[in-house]
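J.: Take this structure first; my questions come after.
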Amino acid sequence: MEFESLFPVPALIAGLCLGSFYNVCIHRYLTGQSIVLPGSHCPGCGHVLSWWENIPLLSYIMLRGRCRSCRQGISTVYPLVESISGILALLLALKFGPGLEWLIYMLFFGMLITASFIDFKIFILPDIITLPGAGLALAASFILPIFWLDAFMGALLGAGLFWSLQWAYRIIKKIEGLGTGDIKLMLMLGALVGWQGLPIQIFFAALLGLAASLIYMKRKPGSGMQTPIPFGPFLALGAVIYIFAGEAIWAWYLGGHSF
Ligand SMILES: [Zn+2]
């Protein structure tokens, strides 16, 4: 067997392990702890995790979702982040194979997973992720199969669009609508998908964000249209969909409308 055909296996394992690391980043951003210290521990009782309690996904299943020491439930966010990270790493491996592209997209997807779960929790897209992310995405356009000018145009158009939306929203409603975090995130995502990718990315973000809002409102009656749902995770999801399927979607769309 060649390494190339086996690559999805180590890619999946790397994705799961990185998911554990993203969990640490998310948790410690929310609690203000350092990323390096202290070692992984139960947030309930402080029980320090041994190596076998720290295996991505498997430990959660073995421990049946409870801390070994205090039996407190472990948040389902942990296995969820690990699963998403693992699946995305696997899909990237299947699409790009081993190489620099896989590595670069892994870096950006890691930033997007971490920022998305922080946004879900506290409605903040950390500048410490989105701003370096935007710079790196512009730099990566010189390596990735995207023309650098398309990436720069994508960043400017994407962020510009959300900046104008926010400006219009403020004038009409006289309140803050979209956060400035979404504008900074769009700098990064626009650079990743290029200006040609923006229609598909924003379409899927709006569609999935709307669907999620409707499901949320149905489950929590009385929350109404004022219920804030963070938009950042959906913008990120739209970009991920475009990176995997953008060309196929464009081909299908143009093919179906060519007569
Ligand atoms: Zn505990």
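Here, each number is a calculation from the coordinates, and none is a lab measurement. Being a predicted model, the structure only gives us computed values, none of them experimental. Positions of Cβ are generated from backbone atoms using ideal geometry, with glycine treated the same way; all protein chains shown enter the neighbour counts.
J.: Normalised by the residues of the chain, what does the relative contact order come to in percent, with Cα pairs under 8 Å and at least six apart?
T.: Numbers: 317 pairs, mean separation 44.2, N = 259.
Dividing the mean separation by the residue count of the chain yields 17 percent.
J.: Could you let me know the centre-to-centre spacing of the stretch 16-56 and the stretch 123-186, using Cα atoms, in angstrom?
T.: 30 Å
J.: Taking the dipole about the Cα centre of the stretch 1-110, with the C-beta of Lys and Arg at +1 and of Asp and Glu at -1, give me whichever of SER50, MET62, GLN72 is farthest to the positive side.
T.: Of the listed residues, the answer is GLN72.
J.: Could you tell me whether the stretch 1-98 comes out rounded, prolate or oblate from its Cα gyration tensor? Rule is a ≥ b ≥ c as square roots of the eigenvalues, rounded for a/c under 1.5, then prolate if a/b exceeds b/c, otherwise oblate.
T.: Numbers: a/c = 2.59, a/b = 1.96, b/c = 1.32.
Prolate.
J.: Arrange HIS27, HIS47 by Cβ neighbour counts within 10 Å, fewest through most, would you? Intermediate results must be reported in sequence, preceding the final value.
T.: Values: HIS27 20, HIS47 16.
Ranking HIS27, HIS47 by Cβ neighbours within 10 Å, fewest first, gives HIS47, HIS27.
J.: Now a separate question. Averaging sequence separations of C-alpha pairs under 8 Å and six or more residues apart, then dividing by the length of the stretch 129-222, give the relative contact order as a whole percent. Mind showing how you got there, number by number?
T.: Details: 106 pairs, mean separation 34.0, N = 94.
Averaging sequence separation for qualifying contacts and normalising by length gives 36 percent for the stretch 129-222.
J.: Taking square-rooted eigenvalues a ≥ b ≥ c of the alpha carbon gyration tensor, is the stretch 124-259 rounded, prolate or oblate, where a/c under 1.5 means rounded and, failing that, a/b exceeding b/c means prolate? Could the numbers behind the result be given before it?
T.: Working: a/c = 1.95, a/b = 1.32, b/c = 1.48.
Oblate is the answer for the stretch 124-259, as a/c is 1.5 or above yet b/c matches or exceeds a/b.
J.: Suppose every Lys and Arg Cβ carries +1 and every Asp and Glu Cβ carries -1, with no other charges. What dipole size does the stretch 67-183 come out with about its Cα centre, to the nearest 20 debye? It would help to have the intermediate numbers written out before the result.
T.: Values: 7 positive and 7 negative charges, 86 e Å.
Its charge dipole is roughly 420 debye.
J.: Report the residue, chosen from SER69, SER141, SER20, that carries the largest GNM mean-square fluctuation when the chain is represented by alpha-carbon nodes joined by springs under 10 Å.
T.: SER69
J.: Moving on. Which of LEU198, LEU187, LEU161 moves most in a GNM of the chain, Cα contacts under 10 Å?
T.: Answer for the Gaussian network model of the chain: LEU161.
J.: Sort LYS95, LYS184, LYS173 so that the residue with the fewest other Cβ atoms within 10 Å of its own Cβ comes first and the one with the most comes last.
T.: Numbers: LYS95 13, LYS184 21, LYS173 9.
So the ranking, lowest neighbour count to highest, is LYS173, LYS95, LYS184.
J.: Further question: Could you grab the relative contact order for the stretch 1-143? Cα pairs under 8 Å, six or more apart, rounded to a whole percent. Intermediate results must be reported in sequence, preceding the final value.
T.: Values: 138 pairs, mean separation 44.2, N = 143.
Relative contact order here is 31 percent.
J.: Okay, next question. Provide, as a two-decimal number, the C-alpha radius of gyration of the chain over 2.2 N^0.38 Å, N being how many residues it has. Provide the component values of the computation, followed by the final result.
T.: On the way: Rg = 19.7 Å, N = 259, 2.2 N^0.38 = 18.2 Å.
Compactness ratio reported: 1.09.
J.: Right, another one. Which ordering of ILE122, ILE241 is given by a fewest-first count of other beta-carbon atoms within 10 Å?
T.: Working: ILE122 12, ILE241 19.
Ascending Cβ contact count within 10 Å gives the list ILE122, ILE241.
J.: For the chain, what is the charge dipole size about the Cα centre, in debye to the nearest 20, if Lys and Arg each add +1 at the Cβ and Asp and Glu each add -1 at the Cβ?
T.: On the way: 14 positive and 11 negative charges, 236 e Å.
Result for the chain is approximately 1140 debye, rounded to the nearest 20.
J.: Something else: Among PHE21, PHE203, PHE123, which one moves the most in a GNM of the chain with springs linking Cα atoms closer than 10 Å?
T.: Comparing PHE21, PHE203, PHE123 in a Gaussian network model of the chain, the most mobile one is PHE203.
J.: Can you flag which of LYS121/LYS218; LYS184/LYS218; LYS121/LYS184 are past 25 Å Cα-Cα? Can you show the working numbers first?
T.: Numbers: LYS121/LYS218 20 Å; LYS184/LYS218 31 Å; LYS121/LYS184 18 Å.
From the list (LYS121/LYS218; LYS184/LYS218; LYS121/LYS184), the Cα-Cα distance tops 25 Å for LYS184/LYS218.
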